[in-house]
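First comes the structure, then the notes that go with it.
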Amino acid sequence: MLASVHDIAIRPLLIRHYQSQNWGSFIELLRDFLSHAQSQQCPIPIVAGIAAAGPVLQQRCVVTNLEWVLDTNIISDEINGIPVEIVNDFVAAGQGIRALGSADIETLQGGDPIENNVRAVTGAGTGWGQALMIWCDSRYEIIASEGGHADFAPTNSQQLEFVADLLTHRQRVTIEDVLSGHGLVNIYRFLLRRGNSTPSPSMTRDMENGDEAATICNHASSDAIANEAIQLFAALYGSQLGNLALNCVPHSGLYIAGGIAAKILNENTKAILVQAFLDKEPMRPLLDRIPLYLVTNAHLGLLGAALVANEAYFRA
């Protein structure tokens, strides 16, 4: 995204979507974006903020699920030496919350919010991300996390079966093996094997020819196993939200981001998710007080990256 920023008001000038796995490096993708921006006679960028899916150390990130290495010095050299700042993608999501309006957020549980208390932002997409937000000196400081790579904890016999199934072809089961796009596919395939079921011909065709996770979402109303997979995914999602809330007690709100939640949550799955979130006795009274928000703006990370860039410009 190319944007102009004034304070927290962000005006997108150009947004392009890329399938990152189709590009050999971030620099190749960046060159294509800048070439397109030039062809559209967009302004030349004066600072860059990058939200990267992986740990960021000394302004360098080895992207977790890609063979990409992002380095601010190399990227800056590519774009005429302008300032560049890299942050974890959920640090960017946390920054982006400041730019949201009421139309960008749906309240799943009102709770009993406490102003300037802890916030958390988390969610499932390509992986599982999360970050904590701590109020300090009149603003939120955002703490990165790689919590998606923590171990997944099953809570009932079906989930124990699921973990045992996954352990037949991996050494450990992480949260994002379950709560991510490929996690949804793992759930669907497990339910097929468990029920000795066969998908419909249209389901099989679409799974072979497109995004498997998107196919499961699209067929949830017509395919019984896809529907069961979505419901189990919502329950596991809510349970993990509850775990995170118990770890940091975000009295100022737990924000659900990522690309999947907004696609799968209808009235039924929202109820499943919230019930699983609360099902943490004896701590349910505490979790009842936590505000739970669904971010419906698909560009949260881009908004956050724009704010990161704006702050980097004024520090430079």
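List of remarks:
- Residues of the stretch 191-217 that are in a helix (DSSP H, G or I) and either under 17 Å from the mean Cα position of the chain (by Cα) or under 17 Å from Ala124 (Cβ atoms) (or both): Glu212, Ala213, Ala214, Thr215, Ile216, Cys217.
- Which numbered condition Gly49 fails, given (1) in contact with a strand residue (DSSP E or B) (Cβ under 8 Å, 6 or more places away or on another chain); (2) part of a helix (DSSP H, G or I): (2)
- The set of residues in the stretch 145-163 that are in contact (Cβ under 8 Å) with a residue 12 or more places away in the chain, in a loop (DSSP other than H, G, I, E, B) and not hydroxyl-bearing (Ser, Thr, Tyr) comprises Glu146, Ala150, Phe152, Ala153.
- Within the stretch 120-163, restricting attention to residues that are in contact with an Asp or Glu (Cβ under 8 Å, 6 or more places away or on another chain) and of a type in the set (Gly, Ala, Ser), the residue that is surrounded by the fewest Cβ atoms within 10 Å (Cβ to Cβ) is Gly127.
- Of everything listed in (1) modelled with pLDDT under 95; (2) surrounded by fewer than 24 Cβ atoms within 10 Å (Cβ to Cβ), the single unmet condition for Asn117 is (1).
- Verdict on Ala226 being in contact (Cβ under 8 Å) with a residue 24 or more places away in the chain, part of a helix (DSSP H, G or I) and crowded, with 19+ Cβ neighbours inside 10 Å: yes
- Selected residue [outside the structural domain of Leu303 (by TED's automatic domain parsing), over 27 Å from Asn117 (Cα atoms) and either modelled with pLDDT of 90 or more or not in a helix (DSSP H, G or I) (or both)] from Phe277, Phe233: Phe233
- In this structure, Ile290 does not satisfy being touching a helix residue (DSSP H, G or I) at 6+ places or on another chain (Cβ under 9 Å), in contact (Cβ under 8 Å) with a residue 24 or more places away in the chain and either exposed (fewer than 15 other Cβ atoms within 10 Å of the Cβ) or more than 26 Å from Met133 (Cβ to Cβ) (or both).
- Residue match in the stretch 286-296 (condition: at pLDDT 95 or above and assigned to a helix (DSSP H, G or I)): yes
- Within the stretch 93-114, the residues that satisfy the criterion of being farther than 18 Å from Ile290 by Cα and buried (at least 22 other Cβ atoms within 10 Å of the Cβ) are Ala93, Gln95, Gly96.
- Once the stretch 164-181 is narrowed to residues that are in a helix (DSSP H, G or I) and free of Cβ contacts under 8 Å to residues at least 40 places away in the same chain, the residue that is surrounded by the most Cβ atoms within 10 Å (Cβ to Cβ) is Asp177.
- Note on the stretch 60-80: among residues that are assigned to a loop (DSSP other than H, G, I, E, B) and either under 21 Å from the mean Cα position of the chain (by Cα) or modelled with pLDDT of 95 or more (or both), the one that is surrounded by the fewest Cβ atoms within 10 Å (Cβ to Cβ) is Glu67.
The values are calculated or read from the model by the stated rules, or taken from the named source; none is laboratory data. Just so it is clear, the structure is predicted and the values come from calculations on it, not from any experiment. For neighbour counting, all protein chains shown are included, and Cβ atoms are generated from backbone atoms with ideal geometry for every residue, glycine included.
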